[in-house]
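Working notes for the structure below.
The values are calculated or read from the model by the stated rules, or taken from the named source; none is laboratory data. Nothing here was measured: the structure is a model prediction, and the numbers come from that model. Note that each Cβ is placed from the backbone with ideal geometry, even for glycine, and that neighbours are counted across all protein chains shown. Each accessible area value is taken on the protein alone, full model and side chains, heavy atoms only, with ligands, DNA and RNA left out. Shrake-Rupley method; radii C 1.70, N 1.55, O 1.52, S 1.80 Å.
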Amino acid sequence: MDYQSWRHVFKLDPAKKISDGHLERICESGTDAILIGGSDDVTLENVLDLMARVRPYSLPAVLEISTIESVAPGFDFYFIPTVLNSRDPKWIKGLHHEAIREYGDLMDWEELIPEGYCILNPDCKAARLTDADSLLDDEDVVAYARLAERFFKLPIFYLEYSGIYGDPKLVKTVKGHLSDTRLFYGGGIDSAEKAREMARFADTVVVGNVIYTNIEQAIRTVAAVAESIDQSL
Ligand code: 1GP
């Protein structure tokens, strides 16, 4: 299944523990894919361990690359963030340049999918790590969306609120300015209602932390996103 048709994705953090039972429920929930990624303590070892546990299930597995050292072979896709609102060029193109300089001859470009991130929660780990300028008004965010689609021609624009629930009106506005680039939304989805609301505007809804805090609510987000497709038909 192509990532362009995914509506719901679970993001698993390799640094967090998940039981076999919960992992089975996540992988058999009907979600479109498993995205493996995190900001802290991501190692080759914990990425390989989680991949080996997800692989037996018949759904796509994606590694969202956070460090060059933790890149493991065997995923269906590799999502590569470029943090458009970072103040530090390292997170926009620096690490990417370093990786391509080292491994460019070996790379399978078909598997590498760039994501244009716009991080909107100034207190999340990713914002602090990348020195993101997160205090943006709506016009700033729309301009980043247009930069992603029209200038850099990125296939994904990711509105990242990691840890807090974002502004559905802004997500709707951003969606109205994108045509080819897919809009990913992630942050604070901890109920079916929130998943349904964001799925009305975002192309793909990413659900992370609630997997570890309330597995029942996490599972409910899958059907909620599917229902929101039905409403839009
Ligand atoms: C994090 O966008 C994802 O990168 C999901 O956010 O953990 O808040 O659900 P949450």
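Cβ-Cβ distances below 6 Å connect the following pairs, each with a first residue in segment 33-51 that is farther than 14 Å from ASP76 by Cβ and within 15 Å of the ligand (Cβ to nearest atom), a second residue that is acidic (Asp, Glu) and not in a strand (DSSP E or B), and a separation of six or more residues or different chains: GLY38/ASP13. Evaluating GLY30 against the criteria (1) closer than 30 Å to GLU149 by Cβ; (2) within 16 Å of the ligand (Cβ to nearest atom); (3) touching a residue at least 60 places away in the same chain (Cβ under 8 Å) leaves one unmet condition, (2). Within segment 85-114, residues that are free of Cβ contacts under 8 Å to residues at least 24 places away in the same chain reach partners that are part of a loop (DSSP other than H, G, I, E, B) and surrounded by 11 or more Cβ atoms within 10 Å (Cβ to Cβ) with beta carbons closer than 8 Å, at six or more positions or on different chains, in the pairs ILE92/LEU84; GLY94/ASP88; ILE100/MET107.
Of everything in segment 52-66 that is of a type outside the set (A, V, I, L, M) and within 16 Å of the ligand (Cβ to nearest atom), the residue that is farthest from ILE156 (Cα to Cα) is SER66.
For LEU120, indicate whether it is in contact with a Gly (Cβ under 9 Å, 6 or more places away or on another chain), open to solvent by 10 Å² or more (accessible area, probe 1.4 Å) and more than 16 Å from the ligand (Cβ to nearest atom). Criteria not met by LEU120. Of the residues screened, GLU102 is one that is surrounded by fewer than 18 Cβ atoms within 10 Å (Cβ to Cβ), at pLDDT below 95 and away from the ligand (no atom under 14 Å from the Cβ).
Within segment 1-53, track down each residue that is assigned to a loop (DSSP other than H, G, I, E, B), of a type in the set (D, E, K, R) and at pLDDT 95 or above. Correct list: ARG7, ASP13, LYS16, LYS17, GLU28, ASP32. The number of residues in segment 147-192 being farther than 19 Å from HIS8 by Cβ and polar (S, T, N, Q) comes to 2.
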